[in-house]
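Contents: one structure, followed by commentary.
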Amino acid sequence: MLACEEFQTIPLHLDGPSAVAVIPQGATPFFDAVGFVANQRDGTIRALQLKENRYLTDDAVASFLPAAPIATGARRLITDLVAVTDGQAITLWAADNATRTLIQVPYIMRWEDGAPVEFVPTSTDPVFVDGDGSGDDAALTEVRLRGGYTTTEDWYIEYDGSRWWVKGSASGVQVGVPVAGERYRTDMGQLEFVLTGSATAGDRLEIRTETGIQQWVYDGAVLGLMEQGGRVFASLAGPSPQILVVDGLTGLWQGAIPLPAGSQPGRMTQAADGRIWVADGGLPVVHEIALAPGADPATAIRTEIAAAAPVLDVAWSAGADREGAAYEHLFVAPVGLQRVDVWDLSLGAWHDPEPATAEAEGIWLGVPVSGLAASVGSVWLQQPDEDGAYPRVPVVAVSTQDGVVHPLDASTGCVVQTYTGPQGPDPYYDATDEVVTVEDLGPTSSPILWLDEQSGHQVVTSGCGGLVRNETWTVTYDSLLLSWEVEGTVSGVQSLRAREDERYVSDEGGISFLILAGNLPSTDGDRFSFNTDAGTAVMSGTDLDRDGDPDLLWELPMRPVAFSYTGGPVGGGWDELQRREFMLLPVLNTDVAVKISLDTMDGNIYWN
């Protein structure tokens, strides 16, 4: 017992998850949906078996072992990821901001006898470069590569006169120091060898390892990737902003779609008919691109949607609302405005989730947005309608930098609500909440906050989730202005002031109330105070014991990706097909990828 360490470090599979991609159920011989998670700190990509909540197994003789990582190089900084398949082969594409390259990463080459065949790492023969021509003869022997860790790169083993340095073009400078005659292994096991012979300062050995990765360097940075019909679209921000189009399996160039000067094209979304929308981080617009599937990019027709500010992300959704009426919306996250706006594609105008206000603005979230993703299909909502039925509509998941995921009703733009929904003080149903009365601070006054006897509510809340927040409201009288100042601890001081015997509506339409004048006039300092409950089904972490408090907080979630699969009994020909909707969310600082169930609004399954 004394010989054992008190603490043991268990290496985790995920190290800075920054981007995810999903191949749908049934698209490959794996059959079930397959997920991929790119790690920003070590440059690896991990494969997930999404339905069974485990790491993917890709070895037919070791079905109990998770697949080896897909290595791209520790120096890389992957910011976006997509997966392409033709039903057999699987190729990954990643945007590397460290080297400002677009990289193509082969994963499954083909299938043989029901088992996937992956690329086998190879290397060139080591070459010794005698820097000073002194006749030294250093060499590398017993070279070994390691599948899942070796990647495509050039290795340099250089002697500075006192020690050897090992450097990889994709892995960077290694910490370990080679010693002549002893087996050396790079920091992550990418390369092993035995160093022999002698050397002087300036001498080096060169060797190249190869795993099939191809990379393209552009004058700019690739900020967004999207797959459509086997092709990869890449947003290139730089002196010549454009959307690059390549074949997703072969890497063959297919063309480009130019964008206006000053554009900074970023993330993209697409409609079922192939239309594409591109977020622009430089100009306050969203680019709409009409391009027939498989058509020459030179034939693309580009138009613009003016936005309130440059745009971080976009998501497209179409379907039917609660009443069965069709809709088609584009969700837009303007930079710096901490909200999500909704463009009605059918009307060609901004959709207003709360028509009580004059401005057609979306839902304010109070924190910068990280990413948007629309569900594949429709989702069960938690709040029943007036008939007691639970509606089913598509949703858009919004991840924010404070570690929260906000599911929006895609048909209305409002945040999905809990069973009870937004609430103000409710003395009929909450014994801890008294009827709101005036706090009389000056001469005796007798105004009252009117109470609707039928509903029991003094404060009416909006039916649109997200307009009501968890906060305390204070309504204070000012005799000089003969009106009441309304202030929320989150919403701040409202521009509109309340007047007695006139129904008041807050600036965003979240709350409404009526102050009735009493027999004794209101005086300076008189005030009403009450709390409101947002009643929204937001998620802020993994709650394994389901006690209402997250056990694992999500620190800096990134852009989610939607997927779905069928579940439940499907035999006999009479079972109703059960399609379940999920989001795969990479959480950068918590080092996890979370599987969020949109039907139950929880994220209690994660990989680390």
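Projected label points at R392 and T200, each 7 Å from Cα along the beta carbon direction, are separated by 8.0 nanometres.
Taking every alpha-carbon pair under 8 Å whose residues sit at least 6 apart, the chain reaches a relative contact order of 10 percent. The residues of the chain expose on average 44 square angstrom of accessible surface per residue, using a 1.4 Å probe on protein heavy atoms.
Working note: Karplus 6.51/-1.76/1.60 with θ = phi - 60° gives the range 370-375 the couplings 9, x, 10, 7, 8, 5 Hz, where Gly and Pro are set to x.
Overall form of the range 57-100: oblate. Here a/c, set by the Cα gyration tensor axes a ≥ b ≥ c, is 1.5 or more, and a/b is not larger than b/c.
In order along the range 181-187, phi translates into HN-Hα couplings of x, 10, 5, 10, 10, 4, 4 Hz, rounded to whole numbers, per the Karplus curve 6.51 cos²θ - 1.76 cosθ + 1.60 with θ = phi - 60° and x for Gly and Pro. Each principal axis of the Cα cloud of the range 259-406 was evaluated for its coordinate range; sorted largest first, these ranges are 52, 34, 31 Å.
Using Cβ point charges alone (K and R +1, D and E -1), the dipole size of the chain about the Cα centre works out to roughly 1820 debye. Taking amide H positions as modeled 1.01 Å from N, with prolines and chain starts lacking one, the residues under 5 Å from Y606 and 5 or more places away or on another chain are K595. Which is the longest run of the chain containing none of the GluC sites (Glu not before Pro) found in DSSP loop states (not H, G, I, E, B) with at most 11 other C-beta atoms within 10 Å? Result, exposed sites excluded: 183-322. Compared with the alpha-carbon gap, the fully stretched path from A292 to V435 is longer by 45.4 nm at 0.36 nm per residue.
Placing a label point 7 Å from the Cα of L553 along the Cα-to-Cβ direction, the residues of the range 513-544 with a backbone N closer than 13 Å are 540-542.
On full extension, the segment bounded by E485 and R54 gains 149.7 nm, given 0.36 nm per residue less the C-alpha separation. Multiplying the residue separation of D154 and T444 by 0.36 nm and removing their Cα-Cα distance gives an extension gain of 95.9 nm. Using a simple spin-label model with pseudo-atoms 7 Å out from Cα toward Cβ, L12 and S162 lie 3.7 nm apart. Round to a whole angstrom and tell me the spacing of the C-alpha centers of the range 453-503 and the range 138-216. Computed from Cα coordinates, the inter-centre distance equals 68 Å. Placing pseudo-labels 7 Å out from each Cα toward the beta carbon at V127 and A98 gives an inter-label distance of 2.5 nm. Over the range 155-196, the pair-distance histogram of Cα-Cα distances with 10 Å bins from zero comes to 30, 62, 8 percent, rounded to whole numbers.
Proximity of backbone amide H atoms, modeled 1.01 Å from N, is registered between S370 and S399, T400, Q401 at under 5 Å, excluding neighbours fewer than 5 places apart on the same chain. At the residue level, Y477 shows approximately 30 square angstrom of accessible surface with a 1.4 angstrom probe and all protein chains present. For W216, the accessible area of its heavy atoms, probed at 1.4 Å with every protein chain present, is near 80 square angstrom.
Shape index of the range 120-197: Rg/Rh, with Rg the Cα radius of gyration and Rh the Kirkwood radius from the inverse mean 1/r over Cα pairs, equals 0.94. Over the Cα atoms of the range 496-550, the radius of gyration divided by the Kirkwood radius equals 1.22; this is the Rg/Rh ratio.
Of the labelled figures (1) 108, 61, 58; (2) 72, 64, 59; (3) 126, 57, 42, only one reflects Cα extents along the principal axes in Å as derived from the coordinates, namely (1). What part of the accessible area of the chain, given as a whole %, is carbon or sulfur when the probe is 1.4 angstrom? Roughly 52 percent, rounded to a whole number.
The values are calculated or read from the model by the stated rules, or taken from the named source; none is laboratory data. Here the structure is a predicted model, which is why all the values come from computation and not from measurement. Glycine also receives a Cβ, built like all others from the backbone with ideal geometry; neighbour counts cover every protein chain displayed. To get the accessible areas, we keep the full protein, side chains included, count just its heavy atoms, and leave off ligands, DNA and RNA. Shrake-Rupley method; radii C 1.70, N 1.55, O 1.52, S 1.80 Å.
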